[in-house]
Amino acid sequence: MALSVSLVILKSGDGWGVVMDESGPLRAIPRSACPAVLTKSGFYVSSAGEQRMNPAPLTGGPLQGQIALVTGATAFIGRAIALELARRGAHVVVNGRNPEAGQAVINEIAANGYSATFEQADLTNSDAVHAMVDRVAERHGRLDILVASGADASADLPFFRLFKEMRDGGFDNYIRAHWLTRVYAIQAAARVMALHGRGKIVAVGTAAGRVATVGESFIGGATGGMMQMCRVLAREQGRDGIRVNAVAMSYIWDAEPRWGPGSPALEDGHGAGMIENPRKRMLFPVHCQNIANSAAFLAGPESDAITGQTLSVNGGLSTPG
């Protein structure tokens, strides 16, 4: 059964979809009858209910011909951002530590008719990040877009750690993962962008940088510092034609948590469900694709009048000023 769909609204969990197509009225059909229903927001819903990239190329997309580097792009949010920027016309440089995972993302992009290459670099190593950006600039002649993501959800980083239980090494790890990884990438990219008098930089971080959360003193502190840095850089780098913004996220419904264990007091008792609680309090679900759409907006021409801002994409979990 083939459908030409202009709107789709999926009900969760019951196996049915509600669609409007060229035949007119809304009607319910089995989800199995619409294995690839296109949506307006740039992705489609498979028969399994998964949100995926829209396989139809955007002819002359808003990012056509631009060079975009996405750090931490081999899984979940970074992967979704890379796919979305490619769908909008950019050639995407996929960064990660694992070449096999990077090649999988490149293959997925290529299978949908777009172009991408892979650059291996450890985001916690400043020299490696600068060398990576230099290679991108040498190969493509410029860098138009940087989306600084990744490295902040590693299994060797404990999550929800009470301040009284932290030690010096933990402080350094949080700052390096949530802040310095963005510092290294932004500094390297801005240097290249300034040579051409233009560029878009988007830093992705946790909403703990905007909203006080028990157990996230240094996650929030480091990310808050990163977001304030972006506001300052928007003023500084604006003189070189570079716009700098940030995206703040919270619980992501289709991203697998990969953090190490946190404080025992926050893993049971009154702290049970520290990860599940935000999901229950959210008014609307947030998926990796929602973060990708937001990053792509800030990377595209629609946001040319926006710089120095942090866009919270949290499904109504919080309303920071």
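The values are calculated or read from the model by the stated rules, or taken from the named source; none is laboratory data. None of the values given here were measured: they were computed from a predicted structure. Backbone-built Cβ (ideal geometry, glycine too); neighbour counts: all protein chains shown. These area figures cover heavy atoms from the full protein model, side chains too; ligands, DNA and RNA do not enter into them. Shrake-Rupley method; radii C 1.70, N 1.55, O 1.52, S 1.80 Å.
What ranking, highest mean first, results for peptides 312-320, 141-149 when packing means the other Cβ atoms within 10 Å averaged over each residue? The partial results should precede the final answer.
On the way: 312-320: 17.0, 141-149: 24.4.
Highest-to-lowest ranking by the protection proxy: 141-149, 312-320.
What spacing in nm lies between the two simple spin-label points modelled at MET166 and HIS140, each 7 Å away from Cα in the Cβ direction?
3.5
Can you tell me which of 221-230, 84-93 comes out highest on packing, and rank the rest after it, using the mean Cβ neighbours within 10 Å?
Details: 221-230: 21.5, 84-93: 26.1.
Answer by packing, highest mean first, reads 84-93, 221-230.
Per residue, what accessible area does the range 82-140 have, given a 1.4 Å probe and all protein chains present, in Å²?
On the way: 2440 Å² over 59 residues.
Counting only protein heavy atoms, the per-residue value for the range 82-140 is 41 Å².
Give the peptides 161-173, 124-136, 188-200 in descending order of average Cβ contacts within 10 Å, highest first. Walk me through the numbers on the way to the answer.
Details: 161-173: 13.4, 124-136: 17.8, 188-200: 19.4.
Top to bottom by mean Cβ count within 10 Å: 188-200, 124-136, 161-173.
Under 11 Å from the Cβ of GLY199, count the other residues' Cβ atoms, weight Lys and Arg +1, Asp and Glu -1, and hand me the total.
On the way: positive: ARG142, ARG191, ARG198, LYS200, ARG243; negative: ASP144, ASP240.
Overall, the nearby charge balance is +3.
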